[in-house]
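Undergrad: Have a look at this one.
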Amino acid sequence: MTLSATTATGGVALAALLAFAVFAIGCSTSTTGTRDEGAAVVATAEPVSPPTSEPSALPARDIDPVALLRRDPKVSGQVKADLKPCSEDAYPVDTSYGNLTGAAAPDVVVNVMTCDDAVGLGTYVYRESDQNHRYENVFVAEEPAVYATIDRGELVVTRQVYAKGDPVEYPSGEDVVTYTWADTKFTERYRVRNNYSGAVGNGPVDAPAPSAPSEN
């Protein structure tokens, strides 16, 4: 009986050992086992080209604003007479290039000022013609203290407002007018009036005269 029990126990243990060996072999040959995965596959993203943008519309060469003003019949004779160099060949003219009218070439904004105090005398906008590629005047503003700039595709014109007795350097306020190109001309979009304080920049306030001493 003892030998039979021992033999039976050894047979059970051997069977269990064989079953474990078969299970281990099956795991090693399974496609989902950790020992048979092979090298990990790394996904490689295709290189992304940087976005291309259209080149900014810049002039092939700067125009001569003084020559453009002198041959423009829309520029007044008074502005042309005042269009003189401040020193040597330095003219009091500011020039800006930008897209205002949607033309193929950049539009040109020209501001004419005085030499002494840089007060605006006139502002002009030129657009290249599609037919002869010559610049034509599409906007004129000639009045004291006027200046134009390009702001995000719109024309912004600032005009100083003077009350009676205002010195040139101290206007009472300013009008800021924004124009948008529509069809074949500029149209006013909105207007802002800024009033300046009269207590700033006009010099010290005169102190009252001292009173005469009283007699005792």
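Undergrad: Only one of (1) under 14 Å from Leu68 (Cβ atoms); (2) without any contact (Cβ under 8 Å) to a residue 60 or more places away in the chain fails for Val125. Which number is that?
TA: All conditions are met except number (2).
Undergrad: Using the structure shown, decide if Thr158 is open to solvent by 30 Å² or more (accessible area, probe 1.4 Å) and modelled with pLDDT of 95 or more. Walk me through how you get there before you give the answer.
TA: Values: open to solvent by 30 Å² or more (accessible area, probe 1.4 Å): yes; modelled with pLDDT of 95 or more: yes.
Yes; evaluated as a whole, the condition is true for this residue.
Undergrad: For residues that are within 19 Å of Asp183 (Cβ to Cβ) and not polar (S, T, N, Q), scanning just region 106-131, find the one that is surrounded by the fewest Cβ atoms within 10 Å (Cβ to Cβ).
TA: Checking each candidate, the answer is Asp130.
Undergrad: A follow-up question, please. Consider only pairs whose beta carbons are under 8 Å apart and that are at least six residues apart or on different chains; among these, list those whose first residue lies in region 131-147 and is farther than 21 Å from Asp175 by Cβ and whose second residue is in a strand (DSSP E or B) and aliphatic (A, V, I, L, M).
TA: Close Cβ pairs satisfying both conditions: Tyr135/Val108; Asn137/Val125.
Undergrad: Search region 49-64 for residues being closer than 16 Å to His133 by Cα and not β-branched (Val, Ile, Thr), and hand back the single one that is modelled with the highest pLDDT. Steps first, please.
TA: Filtering region 49-64 down to residues closer than 16 Å to His133 by Cα leaves 57-64.
Now restrict to residues that are not β-branched (Val, Ile, Thr): 57-62, 64.
Values: Ala57: 51, Leu58: 54, Pro59: 54, Ala60: 53, Arg61: 61, Asp62: 79, Asp64: 93.
Per the stated criteria, the residue is Asp64.
Undergrad: Given Val168, Val205, which one is among the aliphatic types (A, V, I, L, M), open to solvent by 70 Å² or more (accessible area, probe 1.4 Å) and either in contact with a strand residue (DSSP E or B) (Cβ under 9 Å, 6 or more places away or on another chain) or at pLDDT 85 or above (or both)?
TA: Numbers: Val205 fails: either in contact with a strand residue (DSSP E or B) (Cβ under 9 Å, 6 or more places away or on another chain) or at pLDDT 85 or above (or both).
Val168 is the lone residue from the list that is among the aliphatic types (A, V, I, L, M), open to solvent by 70 Å² or more (accessible area, probe 1.4 Å) and either in contact with a strand residue (DSSP E or B) (Cβ under 9 Å, 6 or more places away or on another chain) or at pLDDT 85 or above (or both).
Undergrad: Another question, then. Basic (Lys, Arg) and surrounded by 13 or more Cβ atoms within 10 Å (Cβ to Cβ), is that true of Arg134?
TA: Details: basic (Lys, Arg): yes; surrounded by 13 or more Cβ atoms within 10 Å (Cβ to Cβ): no.
Spelling it out, it is not the case that Arg134 is basic (Lys, Arg) and surrounded by 13 or more Cβ atoms within 10 Å (Cβ to Cβ).
The values are calculated or read from the model by the stated rules, or taken from the named source; none is laboratory data. Quick caveat: nothing in here was measured; it's all calculated off a predicted structure. Virtual Cβ from ideal backbone geometry, glycine too; neighbours counted across all protein chains shown. Please note that ligands, DNA and RNA were not included when accessible areas were found on the heavy atoms of the full protein model with its side chains. Shrake-Rupley method; radii C 1.70, N 1.55, O 1.52, S 1.80 Å.
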